[in-house]
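A.B. asks: Sending over a structure as structure tokens; questions will come in a sec.
The values are calculated or read from the model by the stated rules, or taken from the named source; none is laboratory data. Note that the structure is predicted; figures quoted are calculated from it, not measured. We place every Cβ from the backbone using ideal geometry, glycine too, and count neighbours over all the protein chains shown.
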Amino acid sequence: MSENGCAILEVKNLTTVFETREGNAVAVDDVSFSLCRGETLGIVGESGCGKSVTALSVMRLIQRPGRILSGQVLFEGRDLLELSDKQMRMLRGSEIAMVFQEPMTSLNPVFTIGDQLTEGLLYHSNRPWTEAYETAVDVLARVGIPDPHDIMVAFPHQLSGGMRQRVLIAMALVSSPSVLIADEPTTAIDVTVQTQVLRLINELKGELGMSVLLITHDLGVVAETCDRVAIMYASHIVECGSVRDIFYTPRHPYTVGLLSSIPSFHEPKQRLTIIPGQVPRPTNYPVGCNFHSRCGYATENCVSHQPQLAAVAAGHAVSCWNTAHVTLPENITAHRR
Ligand SMILES: Nc1ncnc2c1ncn2[C@@H]1O[C@H](COP(=O)(O)OP(=O)(O)OP(=O)(O)O)[C@@H](O)[C@H]1O
Ligand code: SF4
Ligand SMILES: [Mg+2]
């Protein structure tokens, strides 16, 4: 059973590394979070902080030279890291589905969309082909594809980027998964389609009772679509809380830096501005806090001791030694009112 009553997915102390010529790159370090039934949890952070590797680790799709070093990924209380490859294949695409960051590489160029959509259904159930076909057409229609029968016989290269992205979402949703992991599902598509796709994921979440792990750079998307947010920095989750906690009472200096970089909730399409300073290299993270070289609140203790994620209020956890001193500047707070 899960320790957290509402959790469908619980990640505990996950550490994933890549062997590189420069040594072991720690992509994800001691990451823990839980996804409750029916909620959308956003994972936000700068490029390279470990968002995709976290998602791929949950799906057990990390390939050499990477490997999961330690941790647990509990889905409905079962540790996915303990399952056989066959059990994991059965679960992937049926119970847990993922929309990948790279839309072009996720579709097979030599098979029709129909073949790719029905393959999962036929693999995971004993349904007749005609039933699988009808289900696939229905899902294509629901993701906003106007002529689904025509798309079923099309090949990926015949579709626009926006259409391919919708097809990928349809592929993830076709077997009504309990958990959808969407890794930057809208970066490859134009802004209008982005909004439609995110609305669609939210609608389907309600209809299908899905839980969604949404990976994004975009704090505007988080404000619009998420219930809770985990902020990642250099392989760690540094803050986790409700959207309200994160946007109105952030307690980690990095979160404050991110929020200071977007002008207001009312201009939500801003992307994260880089905070001054360099992110440390994953082969050479410091002994203490990974953010210390960029942090205005750093003390000597931060250089030599790594902080751990700890509760600052109910449902709000922060990994920082000096969290009591951290507040959102008044001019930023005023913008959000
Ligand atoms: N195949 C690989 N070999 C070596 N290092 C890797 C590999 N894949 C990922 N990494 C490293 O793991 C770290 C986390 O990468 P990840 O792809 O999770 O970042 P991300 O947060 O998803 O970034 P982005 O926002 O750009 O997608 C990075 O330092 C990256 O260089
Ligand atoms: S632990 Fe120290 S360096 Fe790290 S974020 Fe907090 S104040 Fe800054
Ligand atoms: Mg990524």
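A.B. asks: Can you tell which of 110, 44, 28 is hydrophobic (A, V, I, L, M, F, W, C), more than 16 Å from ligand 3 (Cβ to nearest atom) and out of contact with any Asp or Glu (no Cβ under 7 Å at 6 or more places or on another chain)?
C.D. replies: Numbers: 44 fails: more than 16 Å from ligand 3 (Cβ to nearest atom); 28 fails: more than 16 Å from ligand 3 (Cβ to nearest atom).
Testing whether each residue is hydrophobic (A, V, I, L, M, F, W, C), more than 16 Å from ligand 3 (Cβ to nearest atom) and out of contact with any Asp or Glu (no Cβ under 7 Å at 6 or more places or on another chain) leaves just 110.
A.B. asks: For region 211-232, give me the residue count where each residue is under 17 Å from residue 256 (Cβ atoms) and away from ligand 1 (no atom under 16 Å from the Cβ).
C.D. replies: So the count comes out to 1.
A.B. asks: Shifting gears a bit: When you look at residue 50, is it within 10 Å of ligand 1 (Cβ to nearest atom), under 22 Å from residue 317 (Cα atoms) and not β-branched (Val, Ile, Thr), yes or no? Show your work before the answer.
C.D. replies: Values: within 10 Å of ligand 1 (Cβ to nearest atom): yes; under 22 Å from residue 317 (Cα atoms): yes; not β-branched (Val, Ile, Thr): yes.
Yes; evaluated as a whole, the condition is true for this residue.
A.B. asks: Residues that are more than 19 Å from the chain's Cα centre (by Cα) and either of a type outside the set (Ser, Thr, Tyr) or within 16 Å of ligand 2 (Cβ to nearest atom) (or both): does region 42-65 have at least one? Explain how you work it out, then say what you get.
C.D. replies: Start the filter on region 42-65 by keeping residues that are more than 19 Å from the chain's Cα centre (by Cα), which leaves 64-65.
Going one step further and asking which of them are either of a type outside the set (Ser, Thr, Tyr) or within 16 Å of ligand 2 (Cβ to nearest atom) (or both), we end up with 64-65.
Checked against the condition, which is being more than 19 Å from the chain's Cα centre (by Cα) and either of a type outside the set (Ser, Thr, Tyr) or within 16 Å of ligand 2 (Cβ to nearest atom) (or both), region 42-65 yields at least one hit.
A.B. asks: Still on this structure: Which numbered condition in (1) in contact with an Asp or Glu (Cβ under 9 Å, 6 or more places away or on another chain); (2) surrounded by 23 or more Cβ atoms within 10 Å (Cβ to Cβ); (3) within 30 Å of residue 107 (Cβ to Cβ) is the only one that residue 169 fails?
C.D. replies: (1) is the only condition that residue 169 fails.
A.B. asks: Report whether or not residue 186 is hydroxyl-bearing (Ser, Thr, Tyr) and more than 16 Å from ligand 3 (Cβ to nearest atom).
C.D. replies: Numbers: hydroxyl-bearing (Ser, Thr, Tyr): yes; more than 16 Å from ligand 3 (Cβ to nearest atom): no.
The answer is no for residue 186.
A.B. asks: May I pose another question? For region 290-320, how many residues meet the condition of being more than 18 Å from residue 241 (Cβ to Cβ), outside any helix (DSSP H, G or I) and away from ligand 1 (no atom under 16 Å from the Cβ)? I'd like the intermediate steps shown before the answer.
C.D. replies: Going residue by residue through region 290-320, those that are more than 18 Å from residue 241 (Cβ to Cβ) are 290, 292-306.
From the residues that got through so far, the ones that are outside any helix (DSSP H, G or I) too are 290, 295-299, 305-306.
Of the ones still in play, those that are also away from ligand 1 (no atom under 16 Å from the Cβ) are 295-299, 305-306.
Qualifying residue count, region 290-320: 7.
A.B. asks: While we're looking at this one, here's another question. Does region 72-95 contain at least one residue that is surrounded by 14 or more Cβ atoms within 10 Å (Cβ to Cβ) and within 16 Å of ligand 3 (Cβ to nearest atom)?
C.D. replies: No, every residue in region 72-95 fails to be surrounded by 14 or more Cβ atoms within 10 Å (Cβ to Cβ) and within 16 Å of ligand 3 (Cβ to nearest atom).
A.B. asks: Give the residue, chosen from 238, 303, 287, that is surrounded by fewer than 13 Cβ atoms within 10 Å (Cβ to Cβ), at pLDDT 85 or above and in contact with a His (Cβ under 9 Å, 6 or more places away or on another chain). Please lay out each step first, then the result.
C.D. replies: Details: 238 fails: surrounded by fewer than 13 Cβ atoms within 10 Å (Cβ to Cβ); 303 fails: surrounded by fewer than 13 Cβ atoms within 10 Å (Cβ to Cβ).
Just a single option satisfies the conditions, and that option is 287.
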